[in-house]
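The values are calculated or read from the model by the stated rules, or taken from the named source; none is laboratory data. Quick caveat: nothing in here was measured; it's all calculated off a predicted structure. FYI the Cβ positions are ideal-geometry reconstructions off the backbone, even for glycines, and counts take in every protein chain you see. With ligands, DNA and RNA removed, areas are computed over all heavy atoms of the protein, side chains included. Shrake-Rupley method; radii C 1.70, N 1.55, O 1.52, S 1.80 Å.
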Amino acid sequence: MSNSMAEMPDRWDKMRLGDRDAMLALYESYYNDLLSYGVQLSNSTDIAKDAINDVFLHLWEHHSGLKPVKNVKAYLFACIRRKIFQPVYANKTFLFTEEAFAESTEISHEEVLIAVQQSDAIRMKVKAALDKLTERQKELIYLKYFRDMDYREIGRTTGMSLKTAYNTIYNAIKILTGELRDTLSVALLLLFYCGK
Amino acid sequence: MDHNAPPSIEELLANESFLKYCGGNQHERSYWEEQFNIVPGLRDAAEKAKRLYELLRAEMTNASTETVAFSNMIEQQRVEAPVVALPAKRRAGYWVAAAVGSVIILSGLWIYTYNGNIPSRLVQQQQIVHERTDADPGRNTATLVLADGSVVSLDSTGNGEITRQGNVAIVKTDDGNILYKANGEPVSEIVYNTMSTPRGGQYRLVLPDGTKVWLNAASSITYPTSFPVDERKVSVTGEVYFEVAALRDATNKSRLVPFIVKKDDIQVQVKGTHFNINAYDDEDDAKVTLLEGRVNVSTTGAGLTEKTEVALLPGKQARCGKTGAIAVADNIDPDEVMAWKNGLFNFSNADIRMIMRQIGRWYNLDVSYEGTVPQREFSGKITRNTQLSNVLKILEQSNIHFRMEQNRIVVTP
C-alpha cells in the first residue's frame, strides 16, 4: 500500500472538513485490517463488514463533530469493537459464546493498542500461511471459500476432476491448519479481545 | 462420517454441507447443531474450521471493491443526510453456494443424501428412453439495456468499468455484481437502464442508492441510473428479491425516502427492508413476501373501482389476484419463498404444475403434459445447481414420469 501511516491523521482532518475522498481513502486503507479484527471478534465476515460500514457511515454523518485523533487506526479499531459488541449484533453471531457478549464493551486505550497489534499479527500469520500454498491451491481456496463455488463449478472453471479439486482443497486446508493451529483457538482469542 | 472420532478441520472445510452451514443455511445448521451434541469433539473442531473459513474470507476480500460499493451507498445519502439503518448484509455468494446435488426429504417422497450422490439404487431404476436426457442448471447471466438502447451482455463482459453514462460509471465487480459508481457531481438528467435475465439465468445488482437486488430466472428490473432525491421508483417482472437501503430525505431528515416497486397495477412501497416479489405472468397470484421491515402493497386492478392497499408485517405474504384483490397469508415459510436466492428449489405441498413452472424457468425448457396429471402434492428441497436429470430422478421416485423432447419436458402419468 502506497499510503504512509503519517498521511492518516491528515486524511482524518480532511474527513472532518467533509472531504469525501479522504473518508473513502481511510475506508480503503484500513478495510482489510478492520475486517480481520472484526472477524476475530465476531467469527463472521458478514457481521464484520456490516460493522465497518456502520462505523464509517456514523463517522461520515457526524464528520463535523469529530475530534482530531493521533492514532486513527486504534480509534477505528475501538469503534469496530464497540459496534460488534452492541447487543444488536449479538444474536447474529455464530459459534460464539454468550459470555463473550456479557463482557464489558469498554477497554482502555492501552488495551486497544494491544488489540491492534495482536489483530495485525494474526492477519500477518494468515497471509504467511496463504503464501505457503501453491498458486493452484490459492486459486482453488479463492474459488471455494470466497466465490462459494461447489466442486462441480470448480471443475468446470479449472478443468479439474471433482476428485482432484477436492484433494487440492483438502491438502491446502491441511497446510493452513498446520500453520495457523495456535490462531484458531476461539478461547484464546476471547481471552485477548474481551479485555479480561 | 466416522461417528467415533471427530472429523479434522480439513475434512470439515472440504465438506459442502459444512460450508453451507458456515454460510448460514438454516437446514444445514440444524443438522450440524444436532451432530455437535452427538459427536464428541465435533463442536470444537467446527469452531476452529469456521474460524479459519472466516479468516480466509476476510483476507480474500478486496478493499477496493468494498470501497466502491460503500461510496456508492453514501453517494445517495448526499453529504448531510444521516442514515437510519444499514441493510443487514446477506451472504453475497449465496446462490452459487449450493452443494452438488444435495437433496432433502421432508414428506417421505423425496430422498435425502448429504454427500450429494443420488443413491445407486435410484440410478439403476432409472430406465427412461429418450433422446435428449439432460439440461444444465441455470447460471449467472443477464443483459443490460442502457439509456441509449444499446445492449450489454453481462456474461461476455470482462470485470471493471463496462461503460459510462453521463457522470455515472457502470462497474462489474470481480464477483460478478453490477454496480453504479457516481463521481459525486450532480446528475442533470434521469435516464433508465433495464437488467433482465433469460430463462436459465440469474443475476445480482446494486442500485445507485445501495439497494441490493437479486433477479431470478426470466425476470427484469428497470431503474434510473441515479435516483431523484425525493423518491426511488423501479419496475420489475418475474421474481426479484430486494434489500432496500434506508435513506433519509436530505432536506427533511424525519422523512425516509420511499422506495417503490411497480409491476403492472401492483405497487409495493417500502422504506428500508427486505422483501421478495414473485410476479411471473404464468403464476396465478403475484406474491409479495416481507422478511424484514414494513411494506405497503397496493393494487389498482381492472376489477376494482378504487385502490386496494394492505400494510404487510414481516413473515407475511400479500397475494395479489388478477382482479386486484389482495389476500394476506401468514402461514408462509420464508425459507421456501427465499429458496431460489439461496440456490434451492423448496416446495411444500406444491402441485406438479407449480414445480414444473419453476423447473422450466431454471432449465430453460417448455413443459407440457400428457394424460392425467397427478393431483398429489409434493414436498422437498433440491439444490438448483444440479443437472436436470438429478431433479427428474427424484420426482420419478414419486411416480411421475417424464419424456424429454428438444426444448421441452413432457410430464407423463
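When a 1.4 Å probe is rolled over the protein heavy atoms, the share of accessible surface on region B:9-60 that falls to carbon and sulfur comes to 42 percent. Accessible surface of region A:1-73, 1.4 Å probe: 50 percent of it comes from carbon and sulfur atoms. For residue A:21, the accessible surface of its heavy atoms amounts to roughly 110 Å² (probe 1.4 Å, protein chains only, rounded to the nearest 10).
Taking both sides together, what accessible area is buried at the A/B interface, probe 1.4 Å, expressed in Å² and rounded to the nearest 100? Spell out each step's value before the answer.
Details: alone 11840 and 19490 Å², together 25540 Å².
Answer for the A-B pair: about 5800 Å² buried.
Heavy-atom accessible area with a 1.4 Å probe sorts B:181, B:393, B:50, B:322, largest first, into B:322, B:181, B:393, B:50. Peptide B:60-72 shows a mean partner chain C-beta count of 6 within 10 Å per residue C-beta.
What is the distance in Å between the Cα centres of region B:264-280 and region B:355-413? Here the answer is 29 Å between Cα centres. Overall dimensions of region B:9-60, expressed as equivalent-ellipsoid semi-axes from the Cα gyration tensor (√(5λ), whole Å, largest first), are 18, 13, 8. Counting only aspartates and glutamates at least 8 places from residue B:393 when in the same chain, those with an alpha carbon closer than 15 Å to its own are B:134, B:136. For residue A:67, a cut-off of 23 angstrom between C-alpha atoms picks up these lysines, skipping any fewer than 8 places away in its own chain: A:14, A:83.
Taking every residue in A:54-64 and counting other chain Cβ atoms within 10 Å of its Cβ, the average works out to 3. The spacing between region B:206-241 and region B:327-352, judged by their C-alpha centroids, is 22 Å.
Averaging 1/r over every pair of different alpha carbons in region B:258-353 and inverting the result gives a Kirkwood radius of 13.7 Å. Net charge in the neighbourhood of residue B:254 (other residues with Cβ under 13 Å of its Cβ; Lys, Arg +1, Asp, Glu -1) is +3.
Using a probe radius of 1.4 angstrom, the carbon and sulfur fraction of the accessible surface of region A:135-184 is 49%. Straight-line cross-link partners of residue B:287 among the lysines, defined as a Cα under 18 Å from its Cα and at least 8 positions apart when in the same chain: B:262, B:263, B:307, B:316, B:322, B:341.
For a modelled paramagnetic label at residue B:407, 7 Å from Cα along Cα-to-Cβ, the residues of region B:368-399 in reach, with backbone nitrogen under 16 Å, are B:368.
Peptide A:20-27: average number of partner chain Cβ atoms within 10 Å per residue? All intermediate terms of the calculation are to be shown ahead of the outcome.
Details: counts 5, 2, 0, 3, 5, 1, 1, 6.
Neighbouring Cβ atoms belonging to other protein chains average 3 per residue here.
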